[in-house]
Amino acid sequence: METSLKDDIRILPDPESLAQAAATIFADAADHAIADHGRFSVALSGGTTPRKLFRILGTIYCDTVKWNSVQLFWTDERSVPPDHKESNYKLAYDELISKVSIPHGNIHRILGELAPAEAAKEYIEAAQSHFGTKGIPVFDLILLGLGQDGHTASLFPGSTVLQEQDHFAVPSYSESVGNWRVTLTLPVVNNAVNIVFLVSGKSKSGIVSKILSEGRRHLYPASLVNPIKGQITWLLDREAASEL
Ligand code: 6PG
């Protein structure tokens, strides 16, 4: 299995224990960041995999995490309104945000209801205001999913957004799904203290193997996630890891 020295790969028996492991990492990272600098800046991943994680955070960790010091961002968002079934924000709202006492001002959602360029501009301004820099900020934790084509966030194979070095977030078009999104860029992801990939299910076993063991790392956007100083943790359930 070819991985970088920074990759920590953990294989969990099933999706529930995968989510529980992710929740433990989330809570520990939050405790550490809040103790260290008074707040926890985290970017939530999209798609369907994080639902179990958000549900655990919104129930078991409802009173454990210091939610008033948690600053929520997203790795990406589809260009849809926040109440749309495809909205990454909606999933987090339904399972987590509506269940915990997090101040409204701590929620920095990508305004999917706006045109992608306008939404990206607004997201950049919100991040600059929060982090106090026009440069590349440092997230305490970034959660990422993995698509079967090796995309992560809304960084798709062959897309020009993979070359973006200056902006915090940019519009991104998904050819396979045929919709617009806004995504964090690779320099932001790679500047994080902790990056956790959450990957579940047999359908991901092939791409997981290609990225983590076949040495073809350069082909896939997820392979370009190589943190400058931070740590990558791959949380895989047994099915997703079945070709390793
Ligand atoms: C998105 C996600 C995307 C997702 C992967 C995995 O908005 O679609 O950010 O990167 O994490 O496609 O999606 P699933 O968890 O649904 O398999």
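Read-outs throughout are calculated quantities, based only on the coordinates presented, and are distinct from any laboratory measurement. The structure presented is a predicted model; accordingly, all values stated were derived computationally and were not measured. Virtual Cβ from ideal backbone geometry, glycine too; neighbours counted across all protein chains shown.
Points worth noting:
- Single condition Val177 does not satisfy, out of (1) within 13 Å of the ligand (Cβ to nearest atom); (2) touching a strand residue (DSSP E or B) at 6+ places or on another chain (Cβ under 6 Å): (2)
- Some residue of the stretch 29-45 being in contact (Cβ under 8 Å) with a residue 40 or more places away in the chain, more than 16 Å from the ligand (Cβ to nearest atom), of a type outside the set (Ser, Thr, Tyr) and assigned to a strand (DSSP E or B): yes
- Number of the exception - Arg51 against (1) touching a helix residue (DSSP H, G or I) at 6+ places or on another chain (Cβ under 9 Å); (2) closer than 21 Å to Pro137 by Cβ; (3) surrounded by fewer than 17 Cβ atoms within 10 Å (Cβ to Cβ): (2)
- Looking only at residues of the stretch 103-112 that are aliphatic (A, V, I, L, M) and surrounded by fewer than 22 Cβ atoms within 10 Å (Cβ to Cβ), we find that the one that is farthest from the ligand (Cβ to nearest atom) is Ile107.
- Among residues of the stretch 73-121, those that are among the aliphatic types (A, V, I, L, M), in contact with an Asp or Glu (Cβ under 9 Å, 6 or more places away or on another chain) and part of a loop (DSSP other than H, G, I, E, B), counted: 5
- Of all positions in the stretch 113-129, none carries a residue that is under 13 Å from the mean Cα position of the chain (by Cα), away from the ligand (no atom under 11 Å from the Cβ) and not polar (S, T, N, Q).
- Among the residues of the stretch 74-102, the ones that are more than 16 Å from the ligand (Cβ to nearest atom) and in contact with a strand residue (DSSP E or B) (Cβ under 9 Å, 6 or more places away or on another chain) come to 3 in all.
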